[in-house]
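Right, one structure below, let's go through it.
The values are calculated or read from the model by the stated rules, or taken from the named source; none is laboratory data. Just so you know, these numbers come straight off a predicted model, no measurement behind them. Methodologically, a virtual Cβ is constructed for each residue, glycine included, from the backbone with ideal geometry; neighbour enumeration extends over all protein chains shown. With ligands, DNA and RNA removed, areas are computed over all heavy atoms of the protein, side chains included. Shrake-Rupley method; radii C 1.70, N 1.55, O 1.52, S 1.80 Å.
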Amino acid sequence: MEIDKELLKARGINYSGVKEDWVKEFYVKNIVNSAKNGDILYDAATFIPPEVDPPLMDMLLNSYRYPKLDLMFEFNMYKDLKNDPEVSRLAYYIMLTVMEERQKIIFACDYDCDGLTSGIVLYKYFKDILKYEYVEAVPNQRKNGNGFNSELVQELIDMYREEPYGLIVTSDHSSNDEEAFVTIQAHTGNKVKIIVTDHHECPEDKKAKSVFGFVNPMEEDTNVFKGISGCHVAFNLCASLHDALGRPTKELYSLLPYVGISTVVDQMPLNNIHNRAIFKYGMNELAKREDYNFLKLEKLLNLPKIPKDKNISWNLGPFFNSGNRCNTERVIFKGCTEDIEARERYLVYAMQENNRRKSDQRKIVEQAITTVEEIYPDIDNTYGIAIEITTDYGIAGPVASQIGDTYNRPTIVFRNNKDNTILMGSGRAILDVNLLEILLKIQEEHPDVVVKAAGHMGACGIEIYSNKLTEFRSLLNDKVKEVLDGKLPVNDLEVLTYIDPARVNLALALQVESLAPYGNKWSLPVFITKMKFKQAFDMGRSKMCTFYRIGNSTVNGIYSFDRNNGITTSNWKDKIVPNQSYYLVFTLALGYYKNKYTVDMNIRDIIEA
């Protein structure tokens with residue numbers, strides 16, 4: 001179909017025409033863009049030139065369509081593991097010392113989805129696969145602070161006094177917690193070995209050095225791919241030990257769903273073939289429906305028999321993350337690791353607490369939007385948003401996401417600590433900027449304002465002094481403005497192809513699903529079609545719209561007012577008129593509602609045809 005491309009371009013929409021094989025076009029566009037950006041598509045040793053030639057492109061296309069699983073992805077290249085070219089000294093130590101002497105192992109994991117899944121992988125590997133009974137897990141709790149905070153350190157010291165243990169294995173945190181480890185070792189007579197597994201930044205001057213083992217792809221001079229989840233790192237350690245024991249690799253497959261979930265939820269780059277492989281194989285295992293935990297979560301979360309990409313991002317991942325928002329981190333962990341009879345009780349309780357939290361979050365978001373409009377009356381000249389909320393739940397992260405999506409700006413949402421001296425914030429980048437880098441720069445220049453910042457470029461945590469919020473707002477705004485060169489980028493949409501209205505159906509949604517997972521550096525394909533508008537209903541700050549597809553057959557889609565296109569809630573009825581034809585720019589996902597698969601249409605823009 002001929003469409004006025006200049007009309008679309010004026011709306012920040014790029015469209016080059018109908019593509020016969022849009023799936024191949026989608027792969028090629030992603031691969032070429034990633035290569036031009038210098039992204040690591042395979043591993044750190046494999047260079048993909050910016051100009052991808054046809055033979056290389058064919059090889060990459062096959063690699064993306066049929067990714068191969070590497071259970072110990074680059075593990076023996078890690079800096080701390082180079083002493084033995086085949087298997088790490090850590091695996092030998094665990095196998096020949098800890099397990100031979102039946103020493104107790106403590107798994108100290110972080111409190112978010114990546115942290116909990118990494119702890120579950122370690123615990124289930126030793127307890128369920130190796131049948132090693134001398135294990136205990138101690139998930140961190142967000143209310144006590146990040147990393148090895150004073151409460152967690154004291155808890156581990158008290159545990160040693162009651163029953164000595166020989167090894168602590170951390171996961172998804174603690175790379176920079178040298179002081180905490182020294183304290184633990186001092187109180188245990190240096191009889192406890194510590195192995196750190198993590199994937200967060202670890203500058204050499206801050207890195208924990210008194211530990212027995214340090215497994216982190218982010219080490220500055222380590223030539224490995226750095227974009228894997230904390231759960232993936234912990235899994236690699238298990239795979240290394242399994243290899244040293246000479247056990248069948250198939251025994252590890254039951255752990256892959258947790259690694260796949262963490263890869264998507266922790267926003268690891270999904271244009272990397274190994275990350276795509278770990279997700280694909282993890283979902284294949286999940287589809288076997290042999291894991292009791294997921295069978296229970298399937299009912300609690302109303303999931304389809306075979307969870308899809310959207311179910312990971314919108315249901316399973318948020319459920320694991322709900323622990324640190326509802327103070328139920330350890331409840332969720334027990335719900336995935338305790339005896340079968342007890343698991344359902346723990347999971348149901350966590351679900352009930354999460355439902356209460358969701359109700360609170362909706363109110364908080366509404367209040368936060370009002371706060372933004374009061375603090376930032378000149379939103380057009382605002383580059384970064386920082387607000388404070390009051391709540392007993394740890395929901396700063398999801399609120400920041402919703403506020404950032406609403407205003408299309410990097411957003412940080414703070415809440416006070418227990419003694420009202422520190423504001424603890426969660427940030428979301430939204431625009432294509434490295435938010436963590438910006439926050440670390442502010443910390444370096446203004447240590448009297450920022451206590452610390454950590455995390456990833458797109459999602460990170462920050463702590464500032466409670467009386468410095470106003471000053472921090474100004475610093476954040478100026479720094480983001482500087483990085484963007486004073487220009488807020490237009491939220492461009494790259495339309496892949498025109499889709500005939502009759503093809504906007506389950507078959508197309510399934511085809512889109514086959515290209516998953518989507519997320520960091522792998523976006524949903526964007527389509528355009530032409531339909532006649534029927535009606536719309538309010539859904540908070542969005543509209544549930546109905547369009548005629550063919551004849552009287554209709555299709556529904558949700559439109560959010562997040563583009564600067566002249567359509568607002570106040571002029572909607574004047575701009576969008578029943579029985580008039582419009583071009584719809586949209587994405588599709590495979591949904592699930594009332595035990596049926598559905599077509600979830602997200603309308604990104606509506607243009608009069």
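Go over the candidates VAL32, VAL18, VAL28 one by one and state the one that is under 30 Å from LEU508 (Cβ atoms), part of a loop (DSSP other than H, G, I, E, B) and of a type in the set (A, V, I, L, M).
Being under 30 Å from LEU508 (Cβ atoms), part of a loop (DSSP other than H, G, I, E, B) and of a type in the set (A, V, I, L, M) holds for just one of VAL32, VAL18, VAL28, which is VAL18.
Name the helices (runs of 4 or more DSSP H) wholly inside the stretch 312-421 in which the number of residues that are among the acidic types (Asp, Glu), in contact with a helix residue (DSSP H, G or I) (Cβ under 8 Å, 6 or more places away or on another chain) and more than 20 Å from LEU475 (Cα to Cα) is 2 or more. Show your work before the answer.
On the way: elements: 317-326, 329-337, 340-375, 396-407.
Helices (runs of 4 or more DSSP H) meeting the threshold: 340-375.
When both residues are 6+ apart or on different chains and their Cβ atoms are under 8 Å apart, which pairs have a first residue that lies in the stretch 336-354 and is of a type in the set (Gly, Ala, Ser), and a second that is open to solvent by less than 50 Å² (accessible area, probe 1.4 Å)?
Listed pairs, sorted by first residue: ALA350/PHE319; ALA350/SER322; ALA350/GLY323; ALA350/CYS326; ALA350/THR328; ALA350/VAL331; ALA350/ILE332; ALA350/GLY335.
If you scan the stretch 129-149, which residues turn out to be outside any loop (DSSP other than H, G, I, E, B) and either open to solvent by less than 20 Å² (accessible area, probe 1.4 Å) or in contact (Cβ under 8 Å) with a residue 12 or more places away in the chain (or both)?
The answer is ILE129, VAL135, GLU136, ALA137, ARG142, LYS143.
Which pairs do you get when a residue that is touching a residue at least 40 places away in the same chain (Cβ under 8 Å) and closer than 14 Å to ASN272 by Cβ, found in the stretch 31-53, comes within reach of a residue that is among the hydrophobic types (A, V, I, L, M, F, W, C) and part of a loop (DSSP other than H, G, I, E, B), reach meaning Cβ atoms under 6 angstrom, with the pair 6+ apart or on two chains?
SER34/LEU41; ILE40/PHE225; LEU41/ILE48; ASP43/PHE225; ALA44/VAL224; ALA44/PHE225
Among the residues that make up the stretch 335-356, is at least one of them open to solvent by 20 Å² or more (accessible area, probe 1.4 Å) and farther than 20 Å from LYS299 by Cβ?
Within the stretch 335-356 (the criterion being open to solvent by 20 Å² or more (accessible area, probe 1.4 Å) and farther than 20 Å from LYS299 by Cβ), the answer is no, since none of the residues qualifies.
Within the stretch 11-49, take every residue that is out of contact with any Pro (no Cβ under 9 Å at 6 or more places or on another chain) and surrounded by fewer than 11 Cβ atoms within 10 Å (Cβ to Cβ) and give me the one that is nearest to LYS530 (Cα to Cα).
The selected residue is GLU20.
Return the residues of the stretch 545-558 that are within 27 Å of the chain's Cα centre (by Cα) and of a type outside the set (Gly, Ala, Ser); say none if nothing qualifies.
Across the stretch 545-558, the qualifying residue is only ILE558.
Condition first: crowded, with 20+ Cβ neighbours inside 10 Å and part of a loop (DSSP other than H, G, I, E, B). Now tell me which residues in the stretch 268-302 satisfy that.
Of everything in the stretch 268-302, those that are crowded, with 20+ Cβ neighbours inside 10 Å and part of a loop (DSSP other than H, G, I, E, B) turn out to be MET268, PRO269, LEU270, ASN271, ASN272.
Taking ALA244, is it more than 19 Å from the chain's Cα centre (by Cα), part of a helix (DSSP H, G or I) and not charged (D, E, K, R)?
For ALA244, the condition - more than 19 Å from the chain's Cα centre (by Cα), part of a helix (DSSP H, G or I) and not charged (D, E, K, R) - is met.
Of the residues TYR134, TYR125, which is more than 27 Å from THR263 (Cα to Cα) and not charged (D, E, K, R)?
TYR134
Within the group GLY425, GLY461, which residue is touching a residue at least 60 places away in the same chain (Cβ under 8 Å), in contact with a Lys or Arg (Cβ under 9 Å, 6 or more places away or on another chain), crowded, with 19+ Cβ neighbours inside 10 Å and not in a helix (DSSP H, G or I)?
Numbers: GLY425 fails: touching a residue at least 60 places away in the same chain (Cβ under 8 Å).
That would be GLY461, the only listed residue that is touching a residue at least 60 places away in the same chain (Cβ under 8 Å), in contact with a Lys or Arg (Cβ under 9 Å, 6 or more places away or on another chain), crowded, with 19+ Cβ neighbours inside 10 Å and not in a helix (DSSP H, G or I).
Take the stretch 482-511 and flag every residue that is part of a strand (DSSP E or B) and open to solvent by 70 Å² or more (accessible area, probe 1.4 Å).
Going through the stretch 482-511, the residues part of a strand (DSSP E or B) turn out to be 493-498.
Scanning the stretch 482-511 gives a single hit, GLU494.
Could you please find all residues in the stretch 428-454 being surrounded by 18 or more Cβ atoms within 10 Å (Cβ to Cβ) and part of a strand (DSSP E or B)?
Within the stretch 428-454, ARG428, VAL450, ALA453, ALA454 meet the criteria.
I'm told LYS79 meets every condition in (1) within 24 Å of GLY227 (Cβ to Cβ); (2) at pLDDT below 90; (3) open to solvent by 70 Å² or more (accessible area, probe 1.4 Å) except one. Can you identify the failing condition by its number?
It fails just one condition, (3).
Look at TYR78 and say whether it is under 27 Å from GLY147 (Cα atoms), touching a residue at least 12 places away in the same chain (Cβ under 8 Å) and under 24 Å from the mean Cα position of the chain (by Cα).
In short, yes.
Given the residues SER560, SER570, which is the only one that is out of contact with any Pro (no Cβ under 9 Å at 6 or more places or on another chain) and within 24 Å of GLN267 (Cβ to Cβ)?
Result: SER560 is the single residue among SER560, SER570 that is out of contact with any Pro (no Cβ under 9 Å at 6 or more places or on another chain) and within 24 Å of GLN267 (Cβ to Cβ).
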